[in-house]
Ligand code: TYD
């Protein structure tokens, strides 16, 4: 039986990781199949090295936008081949922190690289593997950036200007409008418990449907 891939997306400080962990705990109490959590970049050993290169380089100019795009694509290809596909084939439910929509939003809308090209690259990197469902935790970039300021040293992407994060958010909005069935917007400015309940409700419904 094929498993399910469920993705969490959003700008910095949206609370994706918290919600992903809570959803994983709830799912584990509901289903017998393995419930796994992973992230991009960094879901494999190669991915961890790429993540370090992508996020820890100090000067934003040291990685050009096209090079950045290809590094994210490389991380994804490795993740799909080595981790996602084999575990889905075993029937696992996988909750993934970021996937193809991040590349469209950040490199496409944020860096303003060609969206068609990114779609082609995503198709190569994923080998056609699409999420069953994507939760988009949406909030104003001002709020998100304020939240992450309290977390300590910002990473390379977090240091980008507000206008960059506004374009990224706009990108997510366009993506959600194109695929409202599978990309679900959640108000990430609501209390965490409320968001958690909403996610649980949607997952419950989705579990009732045949896994595809
Ligand atoms: P991370 O610390 O995981 O951010 P967050 O905690 O907000 O998820 O860092 C991942 C960063 O990489 C984040 O700033 C978004 C960026 N990113 C892209 O620009 N393109 C991509 O394709 C992916 C997967 C992530």
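Might you check whether a residue that is away from the ligand (no atom under 13 Å from the Cβ), outside any helix (DSSP H, G or I) and farther than 20 Å from residue 10 by Cβ occurs anywhere in the range 52-59?
Step one: list which residues in the range 52-59 are away from the ligand (no atom under 13 Å from the Cβ), which gives 58-59.
Add one more test, that the residue is outside any helix (DSSP H, G or I), and what stays is 58-59.
Filter again for farther than 20 Å from residue 10 by Cβ, leaving 58-59.
Yes; the residues of the range 52-59 include at least one that is away from the ligand (no atom under 13 Å from the Cβ), outside any helix (DSSP H, G or I) and farther than 20 Å from residue 10 by Cβ.
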Tell me yes or no: at least one residue of the range 13-30 is over 19 Å from residue 201 (Cα atoms), within 10 Å of the ligand (Cβ to nearest atom) and in contact with a helix residue (DSSP H, G or I) (Cβ under 8 Å, 6 or more places away or on another chain).
yes
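Suppose we filter the range 72-123 for residues that are farther than 30 Å from residue 32 by Cβ and either touching a helix residue (DSSP H, G or I) at 6+ places or on another chain (Cβ under 6 Å) or assigned to a helix (DSSP H, G or I) (or both); how many remain? Walk me through how you get there before you give the answer.
Just the residues of the range 72-123 that are farther than 30 Å from residue 32 by Cβ, to begin with: 72-75, 77, 102-123.
Subsequent filtering for residues that are either touching a helix residue (DSSP H, G or I) at 6+ places or on another chain (Cβ under 6 Å) or assigned to a helix (DSSP H, G or I) (or both) retains 72-75, 77, 102-111, 113, 115-123.
Of the residues in that region, 25 qualify.
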Which residue out of 43, 10 is within 13 Å of the ligand (Cβ to nearest atom), buried (at least 21 other Cβ atoms within 10 Å of the Cβ) and farther than 20 Å from residue 195 by Cα?
43
Residues satisfying the stated conditions in the range 47-87, i.e. touching a residue at least 60 places away in the same chain (Cβ under 8 Å) and over 17 Å from the mean Cα position of the chain (by Cα)
56, 57, 58, 60, 63, 87
Verdict on residue 158 being over 20 Å from residue 38 (Cβ atoms), outside any strand (DSSP E or B) and under 18 Å from the mean Cα position of the chain (by Cα):
yes
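Values quoted throughout were computed directly from the atomic coordinates according to the rules given, and no laboratory measurement underlies them. If you're wondering where the values come from, they're calculated on a predicted model, not measured in any experiment. Here the Cβ is made from the backbone with ideal geometry for all residues, glycine too, and neighbour counts use every protein chain on show.
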